[in-house]
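Okay, structure first, notes after.
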């Protein structure tokens, strides 16, 4: 990280590179913010997505003292976090201009050598029927019978041919290069020749790719898969020069047969480097054309690609919610073509961070559902006071309001010092917001109202550290909550708890995942523990099926029954 200060007359401009993790750099910024408030100060953050509570408080203090301060944020999440706290910020990275939808490719080429057979089958099996002509070139021994055409016929609705010389090219047909022949495409026909081997191969990937560049120009999409040798590298260069798109498989999943994709990557003759699920997803969306929607099989392929590429598994989220959010993001990104949206998200970490921040539902507030909190305050937490150490889990905590609500109740009951409170969520950005303990001041009135309705004995404000532009939770509350990333969709239990609170999260999961998460909660609870679900989750029947028993009718609070799957 680097902090660069430039002074011109009375103006001080500060450029901050990196994610602001160095203590020295933080101290330097704090000193600048604490300096003469009369001097205009401009801060430009190029990489940081969040700022710590100390810096945010220093920014607010300078503004409250009448200081002139301008903040430029190049990361969309940082701009969001500052605006959330009523701090002035200008987001420099403007939304992308609306791009014209790219027409569906007229030709698709799939090529590889060793270890490419199963990959070709994988892609073709997921390819929606379209007007594309598909050309397949695979290195095989010249005296070996190539049964790829027979294998493909049983896995696709496309027509499949191992063509003869001068076969006309028809849309919706797959053409497999026969052993011992180069396959070229020109003037609407397939040409087969027995010219010399290219890069010790016949059929040659270079020969096919170069002919497609001349025949289709920017209307071709090519995929170079695993293999040995350098065949295909020159062909990728020709395709890109003609305006075609080239996808190269990530060599890390090809080892040891990674020489071919690595050669294309090292020569920079590609548009995208992708793993197989991402390739299958983007190729399928491209085949579906500009009218393709994030729905059905295309959506399933995209979610599988996200899981493989980034490790975020949204495959069990309710589809209607996912589709709405993806549509909104496509509009924000200026990408009307679902294929272009996928390629952007799968190859641009910043766009994926936006997606990952938007897809999970982050709606929460302090003392939400106050009737439940009153029951926790009056009956359940006093019962748990018999434990020498109380372990609580706020699962799917979003930006942390629920976890702090629990901490406040524990504090007022004199139980906070012997409680361990875990707050987990899938989204690291939301976790960072929670760990900061800073919240918008605009919600203060509703926070006060919910707090009193939950049985709060004094004022909500007593748990805040000072006033100002935003709310700051008292330090002793922040220090008792451990925020960390945990996925309810694919990660198991990690402790035994006396209380688990998971409200308004499972409602966005499908029924299968709801049942699985409830079973995990049953295994995570102490025999005398409690599970709190959201009143709007509609999970009473599923909770009973998982072995839970209602604590009080209509409370949506449960105990572990003897039949629970532990």
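The numbers here are math on the coordinates, done by the rules we state, and not lab data. None of the values given here were measured: they were computed from a predicted structure. Virtual Cβ from ideal backbone geometry, glycine too; neighbours counted across all protein chains shown.
So here's what we get for this one:
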item: Shape metrics for the chain, restricted to C-alpha atoms - Rg then Dmax, Å; result: 29.1, 89
item: Unit Cα scatterers, Debye sum, segment 107-290: log10 I(q)/I(0) for q = 0.09, 0.11 Å⁻¹; result: -0.25, -0.39
item: Per-peptide average of other Cβ atoms within 10 Å, ordering 8-20, 251-263 highest first; result: 251-263, 8-20
item: Segment 370-560 - share of DSSP beta bridges that are antiparallel (%, nearest 5); result: 35 percent
item: Debye intensity ratio I(q)/I(0), log10, segment 474-566, q values 0.17, 0.18, 0.22 Å⁻¹ (C-alpha model); result: -0.72, -0.80, -1.13
item: Separation of alpha-carbon centers, segment 4-80 and segment 374-389, rounded to whole Å; result: 44 Å
item: DSSP beta bridges in segment 107-290 [antiparallel fraction, %, rounded to 5]; result: 25 percent
item: Using alpha carbons only: equivalent-ellipsoid semi-axes of segment 225-363, gyration tensor based, whole Å; result: 29, 16, 12
item: Span per principal axis, largest first, for the Cα atoms of segment 312-426 (Å); result: 58, 25, 21
item: Convex hull of segment 370-560 built on C-alpha atoms - directionally averaged projected area, nm²; result: 10.1 nm²
item: Degrees between helix 205-216 axis and first principal axis of the chain (Cα, 0 to 90, nearest 10); result: 90 degrees
item: Span from the segment 116-176 Cα centroid across to the segment 198-271 one, whole angstrom; result: 17 Å
item: Label-point separation in nm, residue 365 to residue 295, each point 7 Å along Cα→Cβ; result: 3.4 nm
item: Rounded tilt (10° steps) of 511-524 against the dominant C-alpha axis of the chain; result: 50 degrees
item: Inverse of mean 1/r across different Cα pairs in segment 2-91, Kirkwood, Å; result: 12.9 Å
item: Cα long-axis angle, helix 338-347 against the chain (0 to 90 degrees, to the nearest 10); result: 70 degrees
item: Contact order normalised by residue count of the chain, Cα under 8 Å, 6+ apart, percent; result: 10 percent
item: Spacing of the two label points (7 Å from each Cα toward its C-beta) at residue 187 and residue 459, in nm; result: 8.9 nm
item: Radius of gyration and Dmax over the Cα atoms of segment 248-322, both given in Å; result: 14.3, 42
item: Fraction of antiparallel bridges per DSSP, the chain only, in percent to nearest 5; result: 30 percent
